Amino acid sequence: MTTYEDIIQFWKNKNIKNSADLDATVNGQAITLAYHSTKIEEPQVTFNDTREIFEHGRVISYSGDIKSLFALQNAKRAWEIFLDSFENKLRIDEELVKKFHYILTTGTYDERRFLHGERPGEYKKGDYVTGLHEVGALPEDVKDEMDELLEDMKDIPEEKALKAAAFFHAKFENIHPFADGNGRCGRLLMNYFLACHNHPVITIHEEDRKAYMEAMEAWDERQELDPLITFLKSQTIKTWSGRVEKRSK
């Protein structure tokens, strides 16, 4: 049975140095990652549509809504920027956070948010429900809270990458810095941080959404991080065990 430690060793053995190495190692997982992350928030998307977008840049006979199509096209573009940023060893800062968000959400904001002045790639101007009891940080506090979070993420050693990534994701979603698309943006940024710290990227599978939300709520309600760390380890195994086991045969 493949363990979390087996997968970490598998990843480190790849000796990933640049975006070409990363893309080759992730391979088809980029499609799976984009599909599951998008489907958590856009239930109409299908794996086939996601694969068509990633492999051919278009979908034939698409019958879903236009917002979901934009979300898939954006996910492909975001992965390209992910690789480019990795190649250039860009640190996660406000500029990169807003860039990822802009790419992921362009064309997907609903009319209500747009009429209230909300824009992709800009911190929110109003309050929006984020969970059972939360609306996130007040709009006027978002920048300060994000600056503090980004400062906390500097100079993290590789051996603490997963714990730091879990903290970043939980805190990012708790702040809820944007009017929409926080989940997709937060998951992409978490994976970018992991990749930059020599840790395998993690697909959070949409069928495990309930366990994911419960782990996130443990932080929101009690500032408990261990449930999310445990969940992310299980998703790392689910993401990579097939590849590791196939390679060992």
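FYI, it's all coordinate maths here, none of it is from the lab. All values reported here derive from a predicted model rather than from experimental measurement. With ideal geometry, Cβ positions are generated from the backbone for all residues, glycine too; neighbour counts draw on all protein chains shown.
For the chain, what is the calculated [θ] at 222 nm in deg cm²/dmol (nearest 500), taking -39500 (n - 2.57) for each run of four or more DSSP H residues and dividing by its residue count?
Values: 12 runs with 158 residues, N = 249.
One gets -20000 deg cm²/dmol as the mean residue ellipticity at 222 nm.
Please find the FRET efficiency linking residue 15 to residue 144, where r is the Cβ-Cβ separation and R0 is fixed at 41 Å, and quote it to the nearest 0.05. Don't skip to the answer; put the middle values down first.
Values: r = 39 Å, r/R0 = 0.96.
Efficiency computed from Cβ-Cβ geometry: 0.55.
With N denoting the number of residues in segment 29-134, provide Rg(C-alpha) divided by 2.2 N^0.38 Å, to two decimal places. It would help to have the intermediate numbers written out before the result.
Working: Rg = 14.8 Å, N = 106, 2.2 N^0.38 = 12.9 Å.
So segment 29-134 has a normalised radius of gyration of 1.14.
Backbone geometry of segment 207-214 corresponds, through the Karplus equation with coefficients 6.51, -1.76 and 1.60 at θ = phi - 60°, to 3J(HN,Hα) couplings of 6, 9, 4, 4, 5, 4, 5, 5 Hz, x marking Gly and Pro. Distances between placed amide hydrogens fall under 5 Å for residue 124 paired with 178, 179, all partners being 5 or more residues away or on another chain.
Pairs spanning more than 27 Å between alpha-carbon atoms, out of 124/154; 160/238; 12/246; 14/67: 14/67.
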